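Data first, discussion second: the structure below is written as structure tokens.
The values are calculated or read from the model by the stated rules, or taken from the named source; none is laboratory data. In this text the structure is predicted, and so the values were computed from the model without any measurement. Reconstructed Cβ throughout: ideal geometry from the backbone, glycine too, with neighbour counts over all protein chains shown.
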Amino acid sequence: MRTKFTAFKATASLVLPLALPLALGACAADGQGNKQTAGTLLGAVAGAVAGAQFGKGQGRIAAVGLGTLLGAWAGNEVGASLDRADRLAMGSATNTALETRPSGTATTWRNPDSGHYGTVTPTRTIQQSSGQYCREYSQTVTIGGRTEDAYGKACRQPDGSWQIVNN
């Protein structure tokens, strides 16, 4: 009968070759960074451990492989959703700033889960010859203590939404 340590070694020998390509693929595929990669790795390990609890012999190997793949997928989705939460917070602040704030007044956003934050500041309102209103704005985004600045222009659409445009 196998000991728990022997079963753990067997699980680890299957998890590492499967998890590494998945993690590298997640990192290269969309550049979303450490949260999504970490989610992929942690999910793969958790899935492999769960899979190791089922089956015997070849069935256990298949369960570990399937658990690794399913765990990696689930972990990747969780990591990506945190990045989406950053974008949602920033998008909401941008809409509020463009819609309601006078030029020069900053609107801040913060994702408490990731710690990322930023500002959106309308700088100028322009009425196009077509009658369409556009606003130039500046924004900052701080991730991991590093702040980046950006500038843009958005125009109000007939449905009331704001669309970023190229100058």
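For (1) at pLDDT below 95; (2) assigned by TED's automatic domain parsing to the domain that holds Tyr151, each residue gets a yes or a no:
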{"position": "Gly71", "(1), (2)": "yes, no"}
{"position": "Ala74", "(1), (2)": "yes, no"}
{"position": "Ala80", "(1), (2)": "yes, no"}
{"position": "Met90", "(1), (2)": "yes, no"}
{"position": "Ala106", "(1), (2)": "no, yes"}
{"position": "Ser114", "(1), (2)": "yes, yes"}
{"position": "Thr123", "(1), (2)": "no, yes"}
{"position": "Gln128", "(1), (2)": "yes, yes"}
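The strands (runs of 3 or more DSSP E) found wholly in region 99-158 and carrying at least 3 residues that are among the hydroxyl-bearing types (Ser, Thr, Tyr) occupy 117-127, 133-143.
Okay, residues lined up against (1) over 19 Å from Gly104 (Cβ atoms); (2) surrounded by 13 or more Cβ atoms within 10 Å (Cβ to Cβ):
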position	(1), (2)
Tyr117	yes, yes
Val120	no, yes
Gly131	yes, no
Tyr137	no, yes
Gly145	yes, no
Glu148	yes, no
Cys155	yes, yes
Asp159	yes, no
Gln163	yes, no
